[in-house]
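Below is one structure; the comments refer to it alone.
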Amino acid sequence: MLLTTIVFSCKQKEDSTPSTTLDEIIQADNAGDLEKVISNYTEDAILIPSGSVDIIGKNAIREHYRNIFSNSAFQLTSSANEIIDARDFTIIRGNTTGKIISKKDSSSAPVNDKFLMVMRKQSGKWKVYRLTWSKNE
């Protein structure tokens, strides 16, 4: 009986959901936790920001976040409007709202974005594989 409980307990910890990963990223963004954010991306992830060049690979994404976190703090919330499970991949369409606060002068800018995120499961955890976003006008 004890072995069954241990196996069941370990299995629960290994499983993750795309929604959990989305929540972890937003929490890490708000905390400015670079390594936690990066742990939620695949090695070959690509960020596709509207009106800017693609940010390709985990190392480039790390540098992108490092620059952002050194200049800004986030107060964001995110919601998934649609989740499409395609077996090996999951697609999330959602919104991010809140504000970005400048560390230089404490000014803030509102955030009202829409996003499309493709996740892939690696080693029992859903991670961001592709992410694109733009203003939600």
Using alpha-carbon coordinates, inclination of helix 2-14 to the longest axis of the chain, degrees: 20 degrees
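Can you give me the relative contact order of the chain as a percent, contacts being Cα pairs under 8 Å and 6 or more apart?
Values: 255 pairs, mean separation 33.2, N = 137.
Over the chain, the number comes to 24 percent.
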Which is the longest run of the chain containing none of the trypsin sites (Lys or Arg not before Pro) found in DSSP loop states (not H, G, I, E, B) with at most 13 other C-beta atoms within 10 Å? 1-86
Pseudo-spin-label distance residue 67 to residue 107, built 7 Å along Cα→Cβ, given in nm, is 1.9 nm
Report the residue, chosen from 33, 113, 88, that carries the largest GNM mean-square fluctuation when the chain is represented by alpha-carbon nodes joined by springs under 10 Å. 88
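Is the shape of the range 58-137 best called rounded, prolate or oblate, per the rule: a/c under 1.5 gives rounded, else a/b larger than b/c gives prolate, else oblate, with a ≥ b ≥ c the square roots of the Cα gyration tensor eigenvalues?
Numbers: a/c = 2.97, a/b = 1.56, b/c = 1.91.
Judged from the Cα gyration tensor, the range 58-137 comes out oblate (a/c at least 1.5, b/c at or above a/b).
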For the chain, just the Cα set please: Rg and Dmax, both in angstrom. 16.3, 59
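We did not get these values from a lab; they are worked out from the coordinates using the rules stated. This one's a predicted model, so the numbers in the text were calculated from it and none came from an experiment. Every residue, glycine as well, gets a Cβ built from its backbone with ideal geometry; the counts of neighbours run over all protein chains shown.
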